[in-house]
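J.: This is the structure, below, for whatever I ask next.
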Amino acid sequence: MEFKERDIISLKDFSRAEIDYILDTASIMEPIAHSGSDLLSGKILATLFFEPSTRTRLSFESAMHRLGGSTIGFGEVESSSVKKGENLADTMRVVECYADIIVVRHPLEGAARLAAEFASVPVINGGSGAEEHPTQALLDLYTIKKEKGKIDGLKIALVGDLRYGRTVHSLAYALSLYEVNLFFVSPEMLCMRREVLEDIKEKICVIEKDKLDDIIGDVDVLYMTRIQKERFPEVADYAKVRGSYRVDLKLLENARENMILLHPLPRVEEIAPEVDDTIHARYFQQVWNGIVTRMGLLALIMGKIE
Amino acid sequence: MEFKERDIISLKDFSRAEIDYILDTASIMEPIAHSGSDLLSGKILATLFFEPSTRTRLSFESAMHRLGGSTIGFGEVESSSVKKGENLADTMRVVECYADIIVVRHPLEGAARLAAEFASVPVINGGSGAEEHPTQALLDLYTIKKEKGKIDGLKIALVGDLRYGRTVHSLAYALSLYEVNLFFVSPEMLCMRREVLEDIKEKICVIEKDKLDDIIGDVDVLYMTRIQKERFPEVADYAKVRGSYRVDLKLLENARENMILLHPLPRVEEIAPEVDDTIHARYFQQVWNGIVTRMGLLALIMGKIE
Amino acid sequence: MEFKERDIISLKDFSRAEIDYILDTASIMEPIAHSGSDLLSGKILATLFFEPSTRTRLSFESAMHRLGGSTIGFGEVESSSVKKGENLADTMRVVECYADIIVVRHPLEGAARLAAEFASVPVINGGSGAEEHPTQALLDLYTIKKEKGKIDGLKIALVGDLRYGRTVHSLAYALSLYEVNLFFVSPEMLCMRREVLEDIKEKICVIEKDKLDDIIGDVDVLYMTRIQKERFPEVADYAKVRGSYRVDLKLLENARENMILLHPLPRVEEIAPEVDDTIHARYFQQVWNGIVTRMGLLALIMGKIE
């Protein structure tokens, strides 16, 4: 399987076998993440965040440092300088001289793919537009496999903002490569985009619901997402749905005992703090899993693991 | 003495013996700071500065690099995302996956302690609210001991903004563990907070003054602080005291020959540039001492020196 | 030849022999830039960018990492804290404790030289005011020498904003040390400053033109620069000249076959994207050459190459 010099733009570019291979590599990284390594010594990772995301940026930087590499980059740019694709093209052709691998986060759809086309070094999509966040989806899959021992055969609910959340789009697609039952749970105005839904329904069973209560007793994995204020055209629209999708101890009384609760973070009100200490909570473990998943990706792309 | 995995939130958590041990460790770091080291190779320091402070952040980063470690972090955050303790809690539980040790600087009182409670990795307070700045106080103590050979027996004046300055609160407390005579010199509206004063007076002799002239001939250590405009509710209040506490060559004519002059920096007008070349000035040496003190702390907390 | 501990503020401080030596050292760095090195292991570079410049900052950081060193610094400061030379002096005396070498970028003329005077560690000018950008000029020279095999005997045109562009001032001076024919091509209101012109004319042949067409068939090197909107007092003045100096395929029909086209980047409209794939374009190679040139400088200044 060939990952060397490969771009990671969308999980749609990868087969199930390839995704499984990435997850296996992440698993190999667990002890290395603790001990440190010089696998990528002398290599430089550039993190170009045209849209701020402290968590994703620090996660990649931590992964690179644990592999013995260095990092350079920026965490924010004034929108003026990133409007034109032409500028992004030049930026990539400059930064490819500075670094061996580049992570790009960008507010526009398609920007990461465009960036990859212009750069001669491999590019990882650190989140672009509302569509793709492939490394988040990979760490989600890794968490499910690590916690449940498998992905096939599970019943998994994706809950919250399924329309604007970039995380759930990448994850829903990735899960459609496995034999799972999916529940999409959202208020109607935030339901999964039709094109994504149709695409996935061709491969696996998907049921749409609008209440958490309807599915809480049935699922092995409950994947919550934040309902982001900034995605709504009108504040009033946000007020209507805010807080309708909230996990607390009362709701969890009806959950399966071994149901695991995931969230890409940051959470606002959709998971009550009281839930953090329950046997269901795995959202902080996801953060660690993000480190090892990204370590695995970096090692594969740099050709240090085959 | 056990420092491994310990948080450094307030000097009130430490005995005199422990503080002396930290100062001795800082001393051991002097040659290592020049030669470089791989003592913390593979370790990651996160600097989370919710309030900008280039000096303190760069000092910690420099200390970490000299020990062979890596750094990640951010230097500023929009206030919106740090308002709620709940958010800080989640941030710490995320960043503890990215780093082996975390420095937090935060505008709110108590934020560093809260951060430490939520993080499973050790947390160092890089300045919180107007109350605490323990690593600054440690480097001040280290400077005094290095320059005067001892702390006990000295006459030390803390001058300027004793009300709002976080540095003097930590330092005054730390000095109260030694057998010193303290002078607090400030305009009345910036006098040392009563609760701090009472606490310290139980242990050592403290004299309050409102003129530099009154004490300049008596002290071994003159510790100046900046009178910060932004601490004043009214600009007019600032105008009244601005410049009243200023060290220049004329004032120093009455100083003891071996009196040393300290300042946490940045200074504005409270020390005239002409003073920089006198035998009294030690404020730039403090900067270097900050590196070795922080190196010592990092090495102790990571369990690499016992 | 002695470079150890030397400041790099202006190319006027260097002889032709010294500049040639720097270019030769850059050449030695080419394989090391690819393989990585531990030549500056344990050393710390501080990048103090009082004015944002992502490209120059990342270039220095990449150079330092490729030599095995570490970096600290900041990429932007509110203008308020950098107004007074006094403050810059203190900043330098602080940062010299944190780092072994310091790169300063500053909006004011003379700031880099002032910074170097106050710092006890070597300072590199990363661009100051509208006058100097010595490392850009060095990488430009390196590119010309690498591509053409020599500098002496060439006909070189500097085009665009010759009045406000800091790059062309440093480069024009440096080229005057070689036996070249220079063309200065600009709109009248952006013509080369008289004092620079007089200085250079004493040493080499300079011809001023105001049309690209007049010189396109005669030159070996065409050095384009951006006409920066922010340099104009009036927007209307900018509108008049914007786009008058543009290289496209049509213009290149009249160019010599082995003419090379350079640009310090970022470009806006002065080089059409269609030109990127022509045999003339070398502006992205300049970026790489910037890495090896800066590596060479860092190694020389730190005394690791003699």
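The values are calculated or read from the model by the stated rules, or taken from the named source; none is laboratory data. Predicted, not measured: the structure shown is a model, and the values here were computed from it. All Cβ positions, glycine included, derive from the backbone under ideal geometry; neighbour counts span all protein chains shown.
J.: Taking region C:36-61 as the region of interest, how many residues are aliphatic (A, V, I, L, M), outside any strand (DSSP E or B) and touching a residue at least 60 places away in the same chain (Cβ under 8 Å)? Give the derivation first.
T.: As a first pass, look at region C:36-61 and keep what is aliphatic (A, V, I, L, M): C:39-40, C:44-46, C:48, C:58.
Filter once more, so that each one left must be outside any strand (DSSP E or B): C:39-40, C:58.
Filter once more, so that each one left must be touching a residue at least 60 places away in the same chain (Cβ under 8 Å): C:39-40.
Residues that pass the stated criteria total 2.
J.: Quick check on region C:72-80. Is at least one of its residues in contact with a strand residue (DSSP E or B) (Cβ under 7 Å, 6 or more places away or on another chain) and of a type in the set (F, W, Y)?
T.: yes
J.: If a residue must be over 14 Å from B:A130 (Cα atoms) and part of a helix (DSSP H, G or I), how many such residues does region B:95-111 contain?
T.: 4
J.: If you go through region B:276-296 one residue at a time, do you hit one that is over 20 Å from B:L23 (Cβ atoms), modelled with pLDDT of 95 or more and not in a loop (DSSP other than H, G, I, E, B)?
T.: Yes, region B:276-296 has at least one match.
J.: Looking only at residues that are of a type outside the set (D, E, K, R), buried (at least 18 other Cβ atoms within 10 Å of the Cβ) and in contact (Cβ under 8 Å) with a residue 60 or more places away in the chain in region B:257-287, which one is nearest to C:V95 (Cα to Cα)?
T.: B:V287
J.: For residues in region C:62-77 being closer than 15 Å to C:G126 by Cα and either aromatic (F, W, Y) or part of a loop (DSSP other than H, G, I, E, B) (or both), which is farthest from the other protein chains (Cβ to nearest Cβ)?
T.: C:E76
J.: Here is a further query. What number of residues within region A:118-163 satisfy the criterion of being free of Cβ contacts under 8 Å to residues at least 12 places away in the same chain and among the basic types (K, R)?
T.: The qualifying residues number 1.
J.: Next question. Does B:E109 count as out of contact with any Cys (no Cβ under 7 Å at 6 or more places or on another chain), modelled with pLDDT under 95 and more than 13 Å from every other protein chain (Cβ to nearest Cβ)?
T.: Here the answer is yes, as B:E109 does meet what is asked.
J.: Now for a different question. Considering every residue within region A:1-11, establish whether at least one is in a helix (DSSP H, G or I), over 20 Å from C:L67 (Cα atoms) and not hydrophobic (A, V, I, L, M, F, W, C).
T.: Within region A:1-11, not a single residue is in a helix (DSSP H, G or I), over 20 Å from C:L67 (Cα atoms) and not hydrophobic (A, V, I, L, M, F, W, C).
J.: Which count do you get for residues in region C:12-27 that are part of a loop (DSSP other than H, G, I, E, B) and buried (at least 19 other Cβ atoms within 10 Å of the Cβ)?
T.: 1
J.: With the condition kept exactly as written, say whether any residue in region C:28-35 is assigned to a loop (DSSP other than H, G, I, E, B), small (G, A, S) and within 14 Å of chain A (Cβ to nearest Cβ).
T.: No, every residue in region C:28-35 fails to be assigned to a loop (DSSP other than H, G, I, E, B), small (G, A, S) and within 14 Å of chain A (Cβ to nearest Cβ).
J.: Working carefully through the options B:I207, B:I151, find the one that is part of a loop (DSSP other than H, G, I, E, B), modelled with pLDDT of 95 or more and touching a Phe, Trp or Tyr at 6+ places or on another chain (Cβ under 6 Å).
T.: B:I151
J.: Looking at B:Y238, B:Y283, B:Y223 in this structure, which one is away from chain C (no Cβ under 12 Å), in contact with a strand residue (DSSP E or B) (Cβ under 7 Å, 6 or more places away or on another chain) and not small (G, A, S)?
T.: Answer to the selection: B:Y223.
J.: Suppose we filter A:L190, A:L171 for residues that are farther than 17 Å from A:L212 by Cβ and either touching a Gly at 6+ places or on another chain (Cβ under 7 Å) or in the same structural domain as A:L265 (by TED's automatic domain parsing) (or both); which single one remains?
T.: A:L171
J.: Can you say whether B:A17 is at pLDDT 95 or above, closer than 23 Å to C:G69 by Cα and of a type outside the set (D, E, K, R), as far as the supplied structure shows?
T.: no
J.: Being within 15 Å of A:Y98 (Cα to Cα) and either of a type in the set (F, W, Y) or within 8 Å of another protein chain (Cβ to nearest Cβ) (or both) is the filter here; which residues of region A:36-61 pass it?
T.: Of everything in region A:36-61, those that are within 15 Å of A:Y98 (Cα to Cα) and either of a type in the set (F, W, Y) or within 8 Å of another protein chain (Cβ to nearest Cβ) (or both) turn out to be A:G42, A:K43, A:I44, A:A46.
J.: If you don't mind, another one. Quick one: count up the residues across region B:234-256 that are aliphatic (A, V, I, L, M) and touching a residue at least 12 places away in the same chain (Cβ under 8 Å).
T.: Of the residues in that region, 6 qualify.
J.: Also, I was wondering about something else. Give A:G126, A:G165 a once-over and let me know the one that is assigned by TED's automatic domain parsing to the domain that holds A:P107 and either hydrophobic (A, V, I, L, M, F, W, C) or surrounded by 21 or more Cβ atoms within 10 Å (Cβ to Cβ) (or both).
T.: A:G126
J.: Let me ask another. Can you tell me which of (1) crowded, with 17+ Cβ neighbours inside 10 Å; (2) more than 11 Å from every other protein chain (Cβ to nearest Cβ) is the one C:D248 doesn't meet?
T.: Status for C:D248: all satisfied but (1).
J.: Next question, about the same structure. Answer yes or no as to whether A:I207 is surrounded by fewer than 20 Cβ atoms within 10 Å (Cβ to Cβ) and in contact with a helix residue (DSSP H, G or I) (Cβ under 9 Å, 6 or more places away or on another chain).
T.: yes
J.: Using the structure shown, decide if B:D220 is in contact with a Gly (Cβ under 9 Å, 6 or more places away or on another chain) and either over 23 Å from B:Q286 (Cβ atoms) or surrounded by 15 or more Cβ atoms within 10 Å (Cβ to Cβ) (or both).
T.: yes
J.: Sort out which residues of region C:221-264 are assigned to a loop (DSSP other than H, G, I, E, B), modelled with pLDDT of 95 or more and farther than 24 Å from C:L175 by Cβ, and write them in order of number.
T.: Those that are assigned to a loop (DSSP other than H, G, I, E, B), modelled with pLDDT of 95 or more and farther than 24 Å from C:L175 by Cβ: C:D248, C:E253.
J.: On to the next question. Which one is nearest to A:P31 (Cα to Cα), of the residues in region B:112-139 that are outside any loop (DSSP other than H, G, I, E, B) and within 14 Å of another protein chain (Cβ to nearest Cβ)? Spell out how you get there, then give the answer.
T.: Filtering region B:112-139 down to residues outside any loop (DSSP other than H, G, I, E, B) leaves B:112-118, B:123-128, B:132, B:134-139.
Within this subset, residues satisfying the condition of being within 14 Å of another protein chain (Cβ to nearest Cβ) are B:114, B:117-118, B:136, B:139.
Details: B:L114: 30, B:E117: 26, B:F118: 24, B:Q136: 36, B:L139: 37 Å.
Applying the filter and picking the extreme gives B:F118.
J.: Residues to consider are C:G217, C:G290, C:G296; find the one that is within 22 Å of C:G149 (Cβ to Cβ) and over 23 Å from the mean Cα position of the chain (by Cα).
T.: Details: C:G290 fails: over 23 Å from the mean Cα position of the chain (by Cα); C:G296 fails: over 23 Å from the mean Cα position of the chain (by Cα).
Sole residue among the options that is within 22 Å of C:G149 (Cβ to Cβ) and over 23 Å from the mean Cα position of the chain (by Cα): C:G217.
J.: Take B:E306 and decide whether it is in contact (Cβ under 8 Å) with a residue 60 or more places away in the chain, within 29 Å of B:R57 (Cβ to Cβ), exposed (fewer than 15 other Cβ atoms within 10 Å of the Cβ) and not polar (S, T, N, Q).
T.: yes
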